[in-house]
Amino acid sequence: MSLSLSSLDKLFGKRLLQAGRYIMSHKSWMKTVPTENCDILMTFSDQTDDHTLLWLLNHLRLGIPELNIQIRHHKRTRVHAFFVTATYENLLRGAEEMGLRKSVKPEFGGGTRSFSCEEDYIYENIESELCFFTSQERQSIIKYWLDNLRAKNGEVLHNIQFLEGQPIIPELSVRGVIQKVFPLHEQRVLSQLMKSWVQAVCEKQPLDDIHDYFGVKIAMYFAWLGFYTTSMLYPAVIGFVLWILTESDQTSRDICCVVFALFNVVWATLFLERWKRRGAELAYKWGTLDTPNESLEEPRTQFMGVKRCSPITGCEELYYSPWRRRMFRWLVSLPICILCLCFVFLAMLICFELQEFVMGIKEVPRLARFIPKIMLAITVTACDEVYRKIACWLNDMENYRLQSAYEKNLIIKMVLFQFVNSYLSLFYIGFYLRDMERLKEVKSLLRQLKDSVLPYLFPKIQMMVFTIWVIRASFMSKVRLRPPQGVSHLDITCPAPHIFYWPNHRITYRIPI
């Protein structure tokens with residue numbers, strides 16, 4: 001048995017992914033061919049040793065025998081990666097295990113139902129390996145397997161001690177052993193979506209293609225966005241007509257205002273009812289209308305708890321005491337949220353005081369008067385990213401059992417952080433200081449910085465960091481893999497890389513099966 005290693009630079013890490021856009025021309029980058037026969041890519045830290053890779057590879061092969069795994073190594077960055085995929089037959093078994101809903105042939109009743117291997121003949125396109133599963137469905141099945149790879153009691157990897165039933169992949173990701181676990185794009189499908197969706201003008205969104213490629217949640221979001229945009233045409237047209245018909249006297253303005261307000265009330269009601277119907281149609285079409293009840297919903301793979309016998313079903317289950325979650329929420333999450341919001345308020349006051357101080361000095365250049373406002377905008381933007389990580393960490397520590405509860409509480413935290421962080425200064429100026437001129441200036445500056453300046457500066461900063469990294473990497477010695485002791489019966493070969501300018505090399509060593 002032989003595993004082939006190929007150093008595909010653009011797939012190893014965020015830095016190399018960004019580097020390709022700068023080293024290669026835009027056309028050359030768009031024409032690069034992605035790795036074939038791979039659905040999920042798992043990259044590791046450059047500090048990961050051979051023992052860790054072999055340990056995880058052995059657990060994957062024993063715990064999930066349905067997977068096909070290729071190990072690849074990048075010479076310069078010393079990054080290893082697992083290229084994970086599965087055969088069509090194994091994907092069918094995974095679809096049944098997940099309860100994946102697929103379309104049924106019209107002669108068997110039509111609609112959608114959970115996939116069953118025993119009755120596979122009733123599903124549409126079951127005969128075609130290329131058409132039955134979309135790339136998103138294949139990746140979801142493999143991701144489901146990876147997330148459900150659990151440790152046995154007493155297993156240890158270096159200084160990592162796993163609990164019985166603890167998910168291995170999420171724990172290694174938290175510890176930094178695994179850098180990223182992400183699906184790969186299909187250039188052919190992306191090109192089709194580029195033509196039919198991004199570049200199309202005055203055409204309907206290809207919602208079915210978006211659903212097949214990105215999944216139900218993203219497709220439903222863009223369905224709502226398109227529906228909302230189309231529905232906004234009605235108040236826009238009516239408002240424009242009333243604006244034309246409005247005369248200069250106050251009575252005419254009041255009448256048109258009342259008419260437009262009544263129209264908006266009726267329009268908002270009809271909009272919500274029509275979207276409920278449209279959303280239900282799409283949910284039925286995409287097989288998510290009959291979502292399982294909370295009592296039937298599977299626990300999150302990251303959910304931690306102690307094993308106990310369920311008082312309802314009598315089966316063994318993981319249990320986490322609700323009072324512990326409430327204690328953490330009140331004693332940790334709430335104080336941290338209050339401290340973060342106080343920091344935003346304090347930073348806002350400092351910027352405003354600095355603005356007053358600068359405005360009081362007549363000799364200060366005109367350009368320097370914008371420095372406090374720029375500092376406020378940069379602080380708001382930086383805090384958005386920091387608060388996102390804090391919200392995710394707090395939500396993880398609260399240890400919710402169901403994915404729906406996890407997402408609901410994460411949304412609450414994110415909305416609270418981002419709303420206060422982005423709009424506190426505007427409310428302070430508008431309702432406390434009541435300075436409309438400053439409100440317009442700050443609002444305009446915040447919008448320009450977040451929408452124009454930062455998207456322009458970030459690639460430049462990334463290019464500078466990459467240049468420093470390339471200079472440092474050019475002085476590194478060549479990577480030589482050494483086989484572990486006692487390993488002698490599986491060859492792994494690293495062929496010459498072909499991306500960018502890396503020198504040719506080939507390394508062969510053996511690992512145990």
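Some notes on this structure:
- Identity of the residue in region 304-320, modelled with pLDDT of 75 or more and either more than 18 Å from L402 (Cα to Cα) or among the polar types (S, T, N, Q) (or both), that ends up most open to solvent (accessible area, probe 1.4 Å): P311
- Candidates in region 229-256 are the residues that are without any contact (Cβ under 8 Å) to a residue 24 or more places away in the chain and aromatic (F, W, Y); of these, the one that is nearest to L190 (Cα to Cα) is F240.
- Condition check for T134: open to solvent by 20 Å² or more (accessible area, probe 1.4 Å), touching a Ser or Thr at 6+ places or on another chain (Cβ under 7 Å) and hydroxyl-bearing (S, T, Y): no
- Candidate set from region 82-121 (those that are of a type in the set (A, V, I, L, M) and at pLDDT 90 or above); member that is farthest from the chain's Cα centre (by Cα): V104
- All conditions but one from (1) of a type in the set (A, V, I, L, M); (2) open to solvent by 50 Å² or more (accessible area, probe 1.4 Å); (3) modelled with pLDDT of 90 or more apply to L146; the one that does not is (2).
- The numbered conditions (1) surrounded by fewer than 16 Cβ atoms within 10 Å (Cβ to Cβ); (2) modelled with pLDDT of 90 or more are all true for H185 except (2).
- Number of positions in region 205-244 that are assigned to a loop (DSSP other than H, G, I, E, B), modelled with pLDDT of 90 or more and touching a helix residue (DSSP H, G or I) at 6+ places or on another chain (Cβ under 8 Å): 2
- Subset tally (residues that are in contact (Cβ under 8 Å) with a residue 12 or more places away in the chain and either open to solvent by 30 Å² or more (accessible area, probe 1.4 Å) or closer than 30 Å to I411 by Cβ (or both)) for region 348-368: 3
The values are calculated or read from the model by the stated rules, or taken from the named source; none is laboratory data. Because the structure is predicted, anything quoted here is derived from the model rather than measured. Counting neighbours? That spans all protein chains shown, and the Cβs are built from the backbone with ideal geometry, glycine included. Protein only, heavy atoms only, side chains kept; ligands, DNA and RNA dropped before computing areas. Shrake-Rupley method; radii C 1.70, N 1.55, O 1.52, S 1.80 Å.
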